[in-house]
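The values are calculated or read from the model by the stated rules, or taken from the named source; none is laboratory data. Worth saying up front: this structure is predicted, and the values here are computed from it rather than measured. Here the Cβ positions follow ideal geometry from the backbone for every residue, glycine too, while neighbour counts run over all protein chains shown.
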Amino acid sequence: MKRNTINDNLIKTTYIFIILFGLLISYLLIFVIFESGNIIDNSYNKRIDTLSNYVDKGNIYSKDLEVLATTDEDGNRYYPYASLFCHVVGSTAMGNTGLENAYNYEMLSSNVNIFKKFINELSGEKHPGNSIVTTLDVNISQNCKNALGGYKGAVIVMDPTDGSVLSMVSNPDYDPNTVARDWDTLSSSTNGELLNRATSGQYTPGSIFKIFTLYDYITENPDTYKNYNFTCKGTVDFGDYTISCSNKIWHGNEDLLISFANSCNCSFVNLSEGITTESLSNICKKLLFNSDLPIEIEYKSSVFSLTADDSSFMKHQTLIGQGKTLVSPIHMILVMNAIANDGVLITPRFVSKLIDYSGTILEEYEIKNHAILFTKEETDILKEYLRQVVLTGTASSINNSNYTLYGKTGTAQIDENGNINSWFVGFVEKNDKIYTICVVIENVNENASPAKNIASNIVNTLP
Ligand SMILES: [Zn+2]
């Protein structure tokens, strides 16, 4: 009897040890598989220095295998296109940024075979690191940069069907080849050369927010939105405040489609009675405001903060894209991607393949669905509205019979002196392909709204 009890206890203790050991092993495996990459990617981690003692960091290639970043004979990082890809590809000299940071671990890993490793080690040579093939297109990027010219702002072009980022350009920029030398100037500059405005810029949306207002209104009033009617007289007086259309223009009689195409502030404020703050807030949440985005490089989320406690003034301002709302260009193009792709948001990607030093493919990154943001029926309606903007509305000056363009313009007031941010977000069907595009231009005069013309210049050069 007593012996049995001792045996039972021994067995129990043994099991407990086996379970604890198992847990420890799984923790170590999880750490090695999932966490070690994150820890190595940390810009401040000293292990990077250790790895780069043995491995020459691999290359960053464009989608057509042009070199965007490489390691030269002295072990320094070299960027053949200088500033063109500085924000998206990033740099390494003052801490890793962009893809240099996101794929640091992969590029500091080497898949050379064991014999070559042995020979390298005997001769004191470093191993060649693995390389990444990005989705970035050199020609499209150069055309975006040219179209942006001297303006401060950002341009993104994507393929919504597979989530590829084809171009991401931000102005002003810097030369990643000389970032260490220029660091004192760059780090104290008020122009924000180091900031990737495409992902980390937060802007007042202005009238591009009317896409969200429209979507909410249609969702809340599915049976009546087609009968909506309003007569715009250029301004609406609410006693304490007045809402005006651009240049106080009289848009006259409009249904919802034409109100949207004309970007009529008076009509969109008039929608307020059919819009509850709770519903608009839920719609914005569903469409990734105040949310993490599936972006591999540094970014800022968009902010929607209207509550039922806010004044009707604040609600009216919000419906036309003024007020407290802030959006990032990358978020706006992701919403466009979902509309252009029948509601499905494909996870955005900057990198399609990991290859070794000889070009052998080590990994092809899968195309994945991130979320379903709209139903097909909803995107059919939204496409009709976005098309009307180009056919007869605020973007009719850039309509072109060589392609089918959809979009929304925005003019966001940023001060009392008539300075604005100028926006265009949309997508184009051209040569059996589809591209999404987002352009934001910072701090220009009210009468200049350059974003749509910049978008048009870029769309004209798309293949
Ligand atoms: Zn109007």
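In this structure, is Leu195 modelled with pLDDT of 95 or more, away from the ligand (no atom under 16 Å from the Cβ), touching a Lys or Arg at 6+ places or on another chain (Cβ under 8 Å) and not in a helix (DSSP H, G or I)? Answer is no for this residue. Residue check: Ser189 meets all listed conditions (1) among the hydroxyl-bearing types (Ser, Thr, Tyr); (2) in contact (Cβ under 8 Å) with a residue 40 or more places away in the chain; (3) under 30 Å from Ser83 (Cα atoms) but one, namely (2). Across segment 254-295, the number of residues qualifying as free of Cβ contacts under 8 Å to residues at least 24 places away in the same chain and closer than 16 Å to Ile218 by Cβ comes to 2. Listed by position, the helices (runs of 4 or more DSSP H) contained in segment 100-173 that have at least 3 residues being within 23 Å of the chain's Cα centre (by Cα) are 104-107, 138-148.
If I filter segment 133-153 for residues that are farther than 27 Å from Tyr203 by Cβ and either basic (Lys, Arg) or buried (at least 20 other Cβ atoms within 10 Å of the Cβ) (or both), do I get at least one hit? There is at least one residue in segment 133-153 that is farther than 27 Å from Tyr203 by Cβ and either basic (Lys, Arg) or buried (at least 20 other Cβ atoms within 10 Å of the Cβ) (or both). Number of residues in segment 252-272 that are out of contact with any helix residue (DSSP H, G or I) (no Cβ under 7 Å at 6 or more places or on another chain) and under 23 Å from Ile398 (Cβ atoms): the value is 4. Does Ser110 meet the test of being touching a Ser or Thr at 6+ places or on another chain (Cβ under 9 Å) and surrounded by 21 or more Cβ atoms within 10 Å (Cβ to Cβ)? Taking the combined requirement at face value, the residue does not satisfy it. Among the residues of segment 176-185, which ones are assigned to a loop (DSSP other than H, G, I, E, B) and in contact with a Cys (Cβ under 7 Å, 6 or more places away or on another chain)? Those that are assigned to a loop (DSSP other than H, G, I, E, B) and in contact with a Cys (Cβ under 7 Å, 6 or more places away or on another chain): none in segment 176-185. Within segment 234-283, if we keep just the residues that are of a type in the set (A, V, I, L, M, F, W, C) and under 15 Å from Met314 (Cβ atoms), the residue that is surrounded by the fewest Cβ atoms within 10 Å (Cβ to Cβ) turns out to be Phe238.
So, Glu416, is that one without any contact (Cβ under 8 Å) to a residue 60 or more places away in the chain, under 30 Å from Asp56 (Cα atoms), among the acidic types (Asp, Glu) and part of a loop (DSSP other than H, G, I, E, B) or not? The answer is no for Glu416.
Can you pull out the strands (runs of 3 or more DSSP E) entirely within segment 351-397 that have at least 1 residues that are over 18 Å from Ile258 (Cα atoms) and of a type in the set (D, E, K, R)?
Passing ranges, in order: 351-355, 361-364.
For segment 284-293, the set of residues classified as outside any loop (DSSP other than H, G, I, E, B) and either near the ligand (Cβ under 10 Å from one of its atoms) or surrounded by fewer than 21 Cβ atoms within 10 Å (Cβ to Cβ) (or both) consists of Lys285, Lys286, listed by residue number. A search for C-beta distances below 8 Å between a residue of segment 361-372 that is hydroxyl-bearing (Ser, Thr, Tyr) and any residue that is surrounded by 13 or more Cβ atoms within 10 Å (Cβ to Cβ), counting only pairs 6+ apart in sequence or on different chains, returns Tyr365/Arg349; Tyr365/Val351; Tyr365/Ser352; Tyr365/Lys353; Tyr365/Leu354.
Against the definition (more than 16 Å from the ligand (Cβ to nearest atom), in contact (Cβ under 8 Å) with a residue 60 or more places away in the chain and more than 24 Å from Tyr203 (Cβ to Cβ)), how does Ser302 come out, yes or no? Here the answer is no, as Ser302 does not meet what is asked.
Evaluating Val439 against the criteria (1) free of Cβ contacts under 8 Å to residues at least 60 places away in the same chain; (2) of a type outside the set (S, T, N, Q); (3) under 25 Å from Cys144 (Cβ atoms) leaves one unmet condition, (1). Scanning segment 193-211 for residues that are out of contact with any helix residue (DSSP H, G or I) (no Cβ under 9 Å at 6 or more places or on another chain) and surrounded by fewer than 24 Cβ atoms within 10 Å (Cβ to Cβ) returns Gln202, Thr204. For segment 362-402, give me each residue that is surrounded by fewer than 16 Cβ atoms within 10 Å (Cβ to Cβ) and under 22 Å from Val439 (Cβ atoms). Of everything in segment 362-402, those that are surrounded by fewer than 16 Cβ atoms within 10 Å (Cβ to Cβ) and under 22 Å from Val439 (Cβ atoms) turn out to be Leu391, Thr392, Ser396, Ser397, Asn400, Ser401, Asn402. Considering each residue of segment 316-330 in turn, at least one proves to be under 25 Å from Pro160 (Cα atoms), within 16 Å of the ligand (Cβ to nearest atom) and assigned to a loop (DSSP other than H, G, I, E, B). Against the list (1) closer than 19 Å to Asp159 by Cα; (2) under 19 Å from the mean Cα position of the chain (by Cα); (3) not small (Gly, Ala, Ser), the condition Leu386 fails is (2).
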